[in-house]
Amino acid sequence: MTDCGCEKARRDLEEYLRDEVCKTKHSDITEHLDNCPGCRDEALVARTLTDVLARACKETAPEELRAQVLAKLREAHPAH
Ligand SMILES: [Zn+2]
């Protein structure tokens, strides 16, 4: 297993979610997300944010939205 590591995975996460990374990198990140719950949550937040932002006409600051999404995630996974 060649885990690319949390730092790299998170650095590339935005591009990954926009499908802008190359195929090799993409599978590295997918593999990392499969093995790392922390980064999987981070990816989920980022994906949710992207969706929310696409719908919300920038009425709320991205930082507030991020906090809201994180709070929701923590409610869903209290042990995290
Ligand atoms: Zn990780």
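The values are calculated or read from the model by the stated rules, or taken from the named source; none is laboratory data. Remember, predicted model here, so these are calculated numbers, not experimental data. Cβ coordinates were reconstructed from backbone atoms using ideal geometry, including for glycine residues, and neighbour counts include every protein chain displayed.
The residue that is farthest from the chain's Cα centre (by Cα), among those in region 26-39 that are closer than 13 Å to residue 3 by Cβ and without any contact (Cβ under 8 Å) to a residue 24 or more places away in the chain, is 27. Take residue 51 and tell me if it is within 23 Å of residue 69 (Cα to Cα), free of Cβ contacts under 8 Å to residues at least 24 places away in the same chain and outside any helix (DSSP H, G or I). No.
Applying the set (1) basic (Lys, Arg); (2) modelled with pLDDT under 90; (3) closer than 14 Å to residue 10 by Cβ to residue 72 leaves exactly one unmet item: (3). Kindly provide the set of residues from region 16-26 that are within 18 Å of residue 47 (Cβ to Cβ) and outside any loop (DSSP other than H, G, I, E, B), ordered by number. Those that are within 18 Å of residue 47 (Cβ to Cβ) and outside any loop (DSSP other than H, G, I, E, B): 16, 17, 25, 26.
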